[in-house]
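Right, one structure below, let's go through it.
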Amino acid sequence: MSLMKSLRFVVLSTRGFASKPIVDFSSAGKVLSVEQKQFYQKNGFLLVRGCVAKDELKKYENQFNAICERKVKPPPNMLVMKDVSIAKKVTPDSIDTITKVQDFTDEPVLFSYCENKKVTDVVRDLIGSPDTRITAMHTMLINKPPDTGALTSRHPMHQDLIYFPWRPEELTVCAWTAMEKINKQNGCLQVVPGTQARGLQVHGYPEWEGGVNMAYYAIKDYDMSLPREYVEMEAGDTVFFHPCLFHGSGANRSEGFRKAISCHYANYDHTKYIDVKGTAQEEAGKQIEDIIRKHPKRYAVKPGQEVTFELTWRLRSRPVHHDGKENL
């Protein structure tokens, strides 16, 4: 069971230290240069080439394949998903039908990605300092399928913050690692540099004829003229991005699946949950709460326990490189 089950974020007192920023973008970090840190600060993303070793990627891929083929039993709180275009069809679980596994904090092989020092050193440079305690909040391995023609393999332009009921947003970052060559043809990430400074936008489901996967929200009234950058990557390359950055991905127009593994990290020491009632996040919160309510055993919801947006994340997150016990 995850050590994060009852974790409560706190904001440490900064009395006497008000002049010291949590992240110092004017000096080099443990692994990042000043130029890299300031590029991230300005653009909302940073691509680090060769961040994760290929033997590590192979380990993650083999475990994913074993889960898909039911050779390894996944932990009960891990979600195994199919694309909306095939979800209602009678198809056996296999590498060719499973398009995503999510919430793998209790799956030791996949969670070792979240603990990878090459990744977490960059994370700490971007949302804290070398001594910052961090938490893995949201984990996914994406097996983007070749598109069936319905274009359901694409992901609309959105901001990840729509799903996250904690602040400050600048102390959260996503690490997204290519497990193989990723380009425009197989649906690489698309980002709009600098849009992290625009704040959270109103989101909703896109009106797509072929259907849309659950919780694939899109920015409403999105300006299609905004200049996009296509983040093409080799295996092991990792892009780190801000939760308010406008981003999405195109359809996979290749003949093969496209794999990537990712984790959103939050600064454990300086982050707190917020109430999203009456905000642009309220609808997303209700939908995620409903998912958890439908599967109380999967997520270890206690009898009579109130399911809140905050609780849905407490149940699915886990400290990285620390036990978090002081905040239980």
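The values are calculated or read from the model by the stated rules, or taken from the named source; none is laboratory data. Note that the coordinates shown come from a computational prediction; the quantities given were computed from them, not determined experimentally. All Cβ positions, glycine included, derive from the backbone under ideal geometry; neighbour counts span all protein chains shown. Surface accessibility is based on the protein's heavy atoms, side chains included, excluding ligands, DNA and RNA. Shrake-Rupley method; radii C 1.70, N 1.55, O 1.52, S 1.80 Å.
For the pair Asp55 and Glu282 in one chain, pulling the backbone fully straight at 0.36 nm per residue adds 77.6 nm over the alpha carbon distance. Each of the peptides 218-227, 62-71 was scored by the mean count of other Cβ atoms within 10 Å over its residues; in descending order, highest first, they stand as 62-71, 218-227. Taking a ≥ b ≥ c as the square roots of the eigenvalues of the alpha carbon gyration tensor, the stretch 210-323 is prolate, as a/c is not under 1.5 and a/b beats b/c.
Measuring between alpha carbons in the structure, the pairs from Lys54/Lys118; Lys20/Lys272; Lys59/Lys144; Lys73/Lys118 lying more than 24 angstrom apart are Lys73/Lys118. Note on the chain: helix-only mean residue ellipticity at 222 nm, from DSSP H runs of 4+ residues weighted -39500 (n - 2.57) and normalised by residue number, equals -5500 deg cm²/dmol. Rolling a 1.4 Å probe over the protein chains gives Lys118 an accessible area of about 130 Å².
Summary value for the chain: 30 percent relative contact order, contacts being C-alpha pairs under 8 angstrom separated by 6+ residues.
Between amide H atoms placed 1.01 Å from N, distances below 5 Å from His155 occur with Ser249, Gly250, all of them 5 or more places distant or on a separate chain.
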